[in-house]
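Asks: Just passing along the structure, written as structure tokens.
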Amino acid sequence: MTANLLDFDLEGLAAWCERLGHKRFRAVQLFRWIHQKGVADFDAMSDLARDLRQRLAGLAQVRALPVLAEQVSGDGTIKWLFDVGDGNAVETVYIPEDDRGTLCVSSQAGCAVACRFCATGHQGFSRNLTTGEIIAQLWYAEHALRRRLGTHERVISNVVMMGMGEPLQNYAALVPALRVMLDDHGYGLSRRRVTVSTSGVVPMIDRLAQDCPVALAVSLHAPNDALRDELVPLNRKYPLAELLDACLRYLPAAPRDFITFEYCMLDGVNDTLAHAEQLLTLLRTHRGRGVPCKINLIPFNPFAASGLRRSRPEAVKAFADRLNGAGIVTTVRKTRGDDIDAACGQLAGDVLDRTRVRERLARRGTLRLAVERTRPAAQEAAA
């Protein structure tokens, strides 16, 4: 089988070229052609030695992902559905703004974490993506957008690993992909502008700090373990105290001096002022010093299977005002692309579930029952 050159970071490509008898500078040239110029035809790589081009034609390819569909939102957001084979498809979203262009990239076909408010989690899990499949999303989007806009300048300035999947559960493929994004011979993105979002895989947070520290966003969504156990099942393995400890360990290597905590606002579930007080206490007093952080409140994007509702605007404002008033920088994420199901938590693609998640969710009952169990405590705290 021919090698997919999108699978290699620069060091990996250099080692591969050396096995063919070519020096590192040839790998750098090849890497630039692929990632900076978006060229997949080896014959068009004019400064490569002819014998190398001939060998590449027989041994390798730049294997893009077939595009099954493209949708464009009224706000300019673009969503692509990519075919990753065996009946699986993943979604990638481009969000244009005045000062940046952000690409939301998937790391898995489906997701095994099964957060209750996430359409991908309700869909189940099929498999990890390869490094090449992760990078192919950026490769296609960057160069398709350049052609569409008629520019040779970089269009995508930020990448967030917030698409389908839990990135840190696909660590071996994730790190080389991050290195391609950061490499000056590749996409040249700043570590501050590449974000890995995680539901809290503690050992891999520690490894990422050593291997390739980029901006870190943690899907928090609850201020106590009892509620987070229901919303983010991974919390049963890595509870809040362990997760916040990992965040503190990550900070010395991070490109920013804070951790971003994402908090999906769910009506009557986690959005009361009592929950805000619990969150303040958790983040300001952990280990006696608190966790330097910014909080991103995310309006819930409903889908039929969730049984959940979006928090009322006045509840979101009151929650944000309480946190900001206490000195924790808190923003409310603007919903983008919800008319094409491209907003946060809506990505679902098309996945052959190997985890039978729907059966497991049915056995556990609906979240509504869990919410009813947590409400009395919240109401008592509010009183």
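Asks: Of the conditions (1) out of contact with any Lys or Arg (no Cβ under 9 Å at 6 or more places or on another chain); (2) assigned by TED's automatic domain parsing to the domain that holds Phe125; (3) surrounded by 16 or more Cβ atoms within 10 Å (Cβ to Cβ); (4) under 21 Å from Leu182 (Cβ atoms), Phe82 clears all except one; give me its number.
Replies: The single condition Phe82 does not satisfy is (4).
Asks: I'm trying to understand the selection: among the residues of the range 225-237, which are more than 29 Å from Met181 (Cβ to Cβ) and either without any contact (Cβ under 8 Å) to a residue 24 or more places away in the chain or assigned to a loop (DSSP other than H, G, I, E, B) (or both)?
Replies: Asp225, Arg228, Asp229, Arg236
Asks: Within the group Leu189, Leu251, Leu243, Leu216, which residue is over 18 Å from Ile295 (Cα atoms), among the aliphatic types (A, V, I, L, M) and modelled with pLDDT of 95 or more?
Replies: Details: Leu251 fails: over 18 Å from Ile295 (Cα atoms); Leu243 fails: over 18 Å from Ile295 (Cα atoms); Leu216 fails: over 18 Å from Ile295 (Cα atoms).
Only one candidate qualifies: Leu189.
Asks: Any idea how many residues of the range 321-337 are free of Cβ contacts under 8 Å to residues at least 24 places away in the same chain and under 13 Å from Phe261 (Cα atoms)? Spell out how you get there, then give the answer.
Replies: Let us first name the residues in the range 321-337 that are free of Cβ contacts under 8 Å to residues at least 24 places away in the same chain, namely 321, 324-325, 327, 334.
If we keep only those that are under 13 Å from Phe261 (Cα atoms) too, we end up with none.
Residues that pass the stated criteria total 0.
Asks: Please work out which residue is surrounded by the fewest Cβ atoms within 10 Å (Cβ to Cβ), limiting yourself to the range 38-55 and to residues that are more than 19 Å from Glu142 (Cα to Cα) and touching a residue at least 24 places away in the same chain (Cβ under 8 Å).
Replies: The selected residue is Ala49.
Asks: Mind telling me which of the residues Ala217, Ala246, Ala222 ends up being assigned to a helix (DSSP H, G or I) and in the same structural domain as Leu297 (by TED's automatic domain parsing)? Explain how you work it out, then say what you get.
Replies: Working: Ala217 fails: assigned to a helix (DSSP H, G or I); Ala222 fails: assigned to a helix (DSSP H, G or I).
Step by step, each of Ala217, Ala246, Ala222 is checked, and only Ala246 is assigned to a helix (DSSP H, G or I) and in the same structural domain as Leu297 (by TED's automatic domain parsing).
Asks: Given the conditions (1) in contact (Cβ under 8 Å) with a residue 40 or more places away in the chain; (2) in a helix (DSSP H, G or I), which single one is not true for Arg148?
Replies: Result: Arg148 passes all but (1).
Asks: Please return the ranges of helices (runs of 4 or more DSSP H) entirely within the range 278-383 where 2 or more residues are modelled with pLDDT under 55 and surrounded by fewer than 16 Cβ atoms within 10 Å (Cβ to Cβ).
Replies: Working: elements: 313-325, 357-364, 367-382.
It comes to 357-364, 367-382.
Asks: Please count how many residues of the range 18-37 are assigned to a loop (DSSP other than H, G, I, E, B) and buried (at least 16 other Cβ atoms within 10 Å of the Cβ). Quick ask: steps written out before the conclusion?
Replies: Narrowing the range 18-37 to residues assigned to a loop (DSSP other than H, G, I, E, B): 20-23, 36-37.
This time we only want the ones that are buried (at least 16 other Cβ atoms within 10 Å of the Cβ), so: 22, 36.
Summing the residues that are assigned to a loop (DSSP other than H, G, I, E, B) and buried (at least 16 other Cβ atoms within 10 Å of the Cβ) in the range 18-37 gives 2.
Asks: Follow-up. Output the qualifying pairs, or none if there are none: Cβ atoms under 8 angstrom, residues six or more apart or on different chains, first residue in the range 173-186 and within 18 Å of Phe25 (Cα to Cα), second residue of a type in the set (S, T, N, Q) and assigned to a helix (DSSP H, G or I).
Replies: Val180/Thr131
Asks: Output the number of the condition that Cys264 fails; it satisfies all remaining conditions of (1) in a helix (DSSP H, G or I); (2) under 17 Å from Thr331 (Cα atoms); (3) of a type outside the set (Val, Ile, Thr).
Replies: Condition not satisfied by Cys264: (1).
Asks: Could you please give the count of residues in the range 203-232 that are surrounded by fewer than 21 Cβ atoms within 10 Å (Cβ to Cβ), within 18 Å of the chain's Cα centre (by Cα) and within 19 Å of Gly121 (Cβ to Cβ)?
Replies: Residues meeting the conditions: 1.
Asks: Now, a different point. Filtering the range 151-179 down to residues that are in a loop (DSSP other than H, G, I, E, B) and of a type in the set (A, V, I, L, M), which residue is nearest to Gln210 (Cα to Cα)? Working first, answer last.
Replies: Step one: filter the range 151-179 for residues in a loop (DSSP other than H, G, I, E, B), giving 151-157, 162-166.
When the remaining residues are screened for being of a type in the set (A, V, I, L, M), the result is 155-156, 162, 164.
Numbers: Val155: 29, Ile156: 26, Met162: 21, Met164: 25 Å.
The extreme case among them is Met162.
The values are calculated or read from the model by the stated rules, or taken from the named source; none is laboratory data. If you're wondering where the values come from, they're calculated on a predicted model, not measured in any experiment. Using ideal geometry, Cβ is built from the backbone for each residue, glycine included, and neighbour counts are taken over all protein chains shown.
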